[in-house]
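Below you'll find the structure, written out as structure tokens, and then a few comments.
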Amino acid sequence: MERLHGRHIVLGITGSIAAYKAPLLLRELLQQGAKVRVVMSPSARQFVTEATLAAFAPVVAEVFPAGLPGSWHVEWARWAEAMLIAPCSATTLSKLAVGLCDTAPTLVARSLPRTVPLVVAPAMDTELWEQPVLQRSVAQLQEEGVWVLPPALGELASGAVGIGRLPEVESILSAVEGALTTGVLLPQRRRLWSGRRVLVTAGPTREPVDAVRYLSNASSGRMGYALAEAFRDRGAAVVLVAGPTMLPEPPGMKLCRVETAEQMYEAVQGHSAEADVVVAAAAVADYTPAEPVAGKVRRGVDEWFLRLRPTPDILAHLGQQRRPGQALVGFALEVQAEWSSARQKLAAKGVDLLVLNSLHWGRSGFGGEENTVALLFPDGRLRMLPPRSKRVCAEWIVNAVEEIIGVTDGTE
Ligand code: CTP
């Protein structure tokens with residue numbers, strides 16, 4: 001299913017070199033089913049032409065566009081279900097923070113009804129990004145409920161390597177889905193998450209058989225990554241411990257890459273004591289070859305027996321070690337008797353919330369873009385959720401965690 005089917009999005013493009021990526025972002029929004037209108041700042045036109053974008057969507061590049069009434073920005077802002085400014089230049093970010101409306105993107109952004117979320121994806125050189133004056137603007141926008149997607153680490157237009165890159169299209173889409181699901185980030189909610197530490201595990205593990213072969217599973221890591229992004233966007237400090245995945249590195253969090261279940265266990269042990277919330281979304285191998293072969297096993301023998309030994313049950317250890325006030329969330333992938341197995345797992349692992357996937361539910365589980373999950377609480381409550389993209393599921397799971405740690409702000 002298209003992730004943004006029928007959703008109205010105003011895309012703002014401003015004068016960062018990363019604006020050359022904007023047509024690809026626009027195409028992806030359209031391919032995901034969104035209806036898009038584009039607003040450009042004068043500086044954006046230095047990097048990408050209006051004609052390129054106009055081939056795909058209506059474009060306004062001036063505050064007083066020819067042929068439109070003076071109040072066009074009010075109509076566009078009311079039409080929007082979310083506005084995304086990507087890339088957002090240092091200038092536009094500063095203008096937004098003080099309420100200046102002298103370009104088409106700032107004018108529409110400041111005309112949005114209070115309930116319509118604004119997502120900005122800043123992209124600029126590290127020096128600019130780290131200026132205290134700019135960081136004050138970021139903090140102010142966040143305080144207002146704006147979704148500020150942190151820029152990524154990598155090679156910048158100047159040739160330097162640092163923080164400031166426009167995140168990958170996938171990360172931007174994920175933030176837009178988050179904003180469409182959860183809406184404007186209320187200041188109370190951000191304040192409640194700020195200073196809280198969240199540890200998330202994601203992806204499969206790889207257990208070596210010999211130097212070139214391994215045992216693994218089909219987990220893509222998408223669910224865990226989406227959760228890590230959802231916690232980050234609410235203001236938590238996130239550590240993501242991930243097995244091998246093809247996903248782009250999510251900006252604005254600490255990523256620890258691991259391969260084996262043993263390494264995942266060690267990495268989790270290194271971060272769990274200080275975590276306020278731990279979410280075990282990884283599909284950890286339960287068994288690993290007992291004697292992995294150092295070289296490559298060659299063809300020749302008729303049969304090859306692998307002896308396996310159990311791996312550490314990371315979540316069960318966390319359940320035993322947890323400190324008062326720490327919330328623990330587990331996942332369960334079940335193939336039969338899902339409800340009773342899930343209830344047993346919830347108790348056995350000592351978690352506060354169990355997210356259940358069943359192989360019998362459509363669009364559920366490993367690999368795909370979507371998931372169907374049920375949330376089980378220790379007091380017997382059960383919440384069955386409809387099939388949605390993994391980021392939408394992640395927003396709902398984070399809402400449930402807010403209930404558990406008592407940070408619900410009463411708006412849901
Ligand atoms: N898990 C873990 N460490 C393991 C195995 C699983 O931390 N070695 C975690 C998973 O991340 C998930 C939960 O335990 O949050 C349940 O995983 P699942 O594979 O459904 O259950 P298992 O405990 O492995 O039990 P079984 O395979 O028998 O269903």
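Restricting attention to the stretch 234-268, the residues being open to solvent by less than 60 Å² (accessible area, probe 1.4 Å) and in contact with a Pro (Cβ under 9 Å, 6 or more places away or on another chain) number 15. Which of the following residues is in contact (Cβ under 8 Å) with a residue 24 or more places away in the chain, out of contact with any Cys (no Cβ under 6 Å at 6 or more places or on another chain) and assigned by TED's automatic domain parsing to the domain that holds Pro251: Arg191, Arg136, Arg165? None of the others qualify; the one that does is Arg191.
Hey, could you check the stretch 262-278 for residues that are of a type outside the set (A, V, I, L, M, F, W, C) and more than 16 Å from the ligand (Cβ to nearest atom) and say which is farthest from Leu346 (Cα to Cα)? Selected residue: Glu274.
Tell me, yes or no, whether the stretch 368-379 has at least one residue that is assigned to a loop (DSSP other than H, G, I, E, B) and surrounded by 19 or more Cβ atoms within 10 Å (Cβ to Cβ).
At the first step, the residues of the stretch 368-379 found to be assigned to a loop (DSSP other than H, G, I, E, B) are 368-369, 372-373, 377-379.
If we keep only those that are surrounded by 19 or more Cβ atoms within 10 Å (Cβ to Cβ) as well, we get 372-373.
Scanning the stretch 368-379, I find at least one residue that is assigned to a loop (DSSP other than H, G, I, E, B) and surrounded by 19 or more Cβ atoms within 10 Å (Cβ to Cβ), so the answer is yes.
Count of the stretch 194-210 residues, restricted to those that are open to solvent by less than 50 Å² (accessible area, probe 1.4 Å), in a loop (DSSP other than H, G, I, E, B) and either charged (D, E, K, R) or not assigned by TED's automatic domain parsing to the domain that holds Arg388 (or both), is 1. For the stretch 47-66, the criterion of a residue being within 30 Å of Gly362 (Cα to Cα) and either out of contact with any helix residue (DSSP H, G or I) (no Cβ under 6 Å at 6 or more places or on another chain) or outside the structural domain of Ala157 (by TED's automatic domain parsing) (or both) is satisfied by no position. Scanning the stretch 339-366 for residues that are farther than 17 Å from Ile314 by Cα, open to solvent by less than 70 Å² (accessible area, probe 1.4 Å) and in a loop (DSSP other than H, G, I, E, B), which turns out farthest from the ligand (Cβ to nearest atom)? Filtering the stretch 339-366 for residues that are farther than 17 Å from Ile314 by Cα, open to solvent by less than 70 Å² (accessible area, probe 1.4 Å) and in a loop (DSSP other than H, G, I, E, B), the one farthest from the ligand (Cβ to nearest atom) comes out as Gly362. Screening Val278, Val284, Val297, Val301 for residues that are open to solvent by 60 Å² or more (accessible area, probe 1.4 Å) and among the aliphatic types (A, V, I, L, M) leaves exactly one candidate, Val301.
Looking only at the stretch 279-307, count every residue that is more than 10 Å from the ligand (Cβ to nearest atom) and either in contact (Cβ under 8 Å) with a residue 60 or more places away in the chain or of a type outside the set (A, V, I, L, M) (or both) and tell me the total.
As a first pass, look at the stretch 279-307 and keep what is more than 10 Å from the ligand (Cβ to nearest atom): 289-307.
Going one step further and asking which of them are either in contact (Cβ under 8 Å) with a residue 60 or more places away in the chain or of a type outside the set (A, V, I, L, M) (or both), we end up with 289, 291-300, 302-307.
Residues in the stretch 279-307 being more than 10 Å from the ligand (Cβ to nearest atom) and either in contact (Cβ under 8 Å) with a residue 60 or more places away in the chain or of a type outside the set (A, V, I, L, M) (or both): 17 in total.
Residues are listed down the side, and each one gets a yes or a no for (1) open to solvent by less than 70 Å² (accessible area, probe 1.4 Å); (2) of a type outside the set (A, V, I, L, M, F, W, C):
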| site | (1), (2) |
| --- | --- |
| Val60 | yes, no |
| Pro69 | no, yes |
| His73 | yes, yes |
| Trp76 | yes, no |
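Scoring Val133 on the criteria (1) at pLDDT 95 or above; (2) in contact with a strand residue (DSSP E or B) (Cβ under 9 Å, 6 or more places away or on another chain); (3) not small (Gly, Ala, Ser) leaves a single failure, condition (2).
Could you tell me which residue of the stretch 103-115 is surrounded by the most Cβ atoms within 10 Å (Cβ to Cβ), considering only residues that are more than 19 Å from Ala18 (Cα to Cα) and in contact with a helix residue (DSSP H, G or I) (Cβ under 7 Å, 6 or more places away or on another chain)?
Pass one, the stretch 103-115, residues more than 19 Å from Ala18 (Cα to Cα): 107-115.
Subset that is in contact with a helix residue (DSSP H, G or I) (Cβ under 7 Å, 6 or more places away or on another chain): 107-109, 111-113.
Numbers: Leu107: 22, Val108: 26, Ala109: 28, Ser111: 19, Leu112: 20, Pro113: 10.
Among those that are more than 19 Å from Ala18 (Cα to Cα) and in contact with a helix residue (DSSP H, G or I) (Cβ under 7 Å, 6 or more places away or on another chain), it is Ala109.
Taken together, Gln336, Gln326 contain a single residue that is polar (S, T, N, Q) and either in contact with a Pro (Cβ under 9 Å, 6 or more places away or on another chain) or within 12 Å of the ligand (Cβ to nearest atom) (or both), which is Gln336.
Being modelled with pLDDT under 95 and under 30 Å from Met246 (Cβ atoms): is that true of Gly154 here? Talk me through it step by step, then tell me what you get.
On the way: modelled with pLDDT under 95: yes; under 30 Å from Met246 (Cβ atoms): yes.
Here the answer is yes, as Gly154 does meet what is asked.
Just one of the numbered conditions (1) in contact with a His (Cβ under 7 Å, 6 or more places away or on another chain); (2) surrounded by 21 or more Cβ atoms within 10 Å (Cβ to Cβ); (3) not charged (D, E, K, R) is not true of Gly33: (2).
The values are calculated or read from the model by the stated rules, or taken from the named source; none is laboratory data. All values reported here derive from a predicted model rather than from experimental measurement. Every residue, glycine among them, receives a Cβ derived from its backbone with ideal geometry; neighbour counts consider all protein chains shown. Surface accessibility is based on the protein's heavy atoms, side chains included, excluding ligands, DNA and RNA. Shrake-Rupley method; radii C 1.70, N 1.55, O 1.52, S 1.80 Å.
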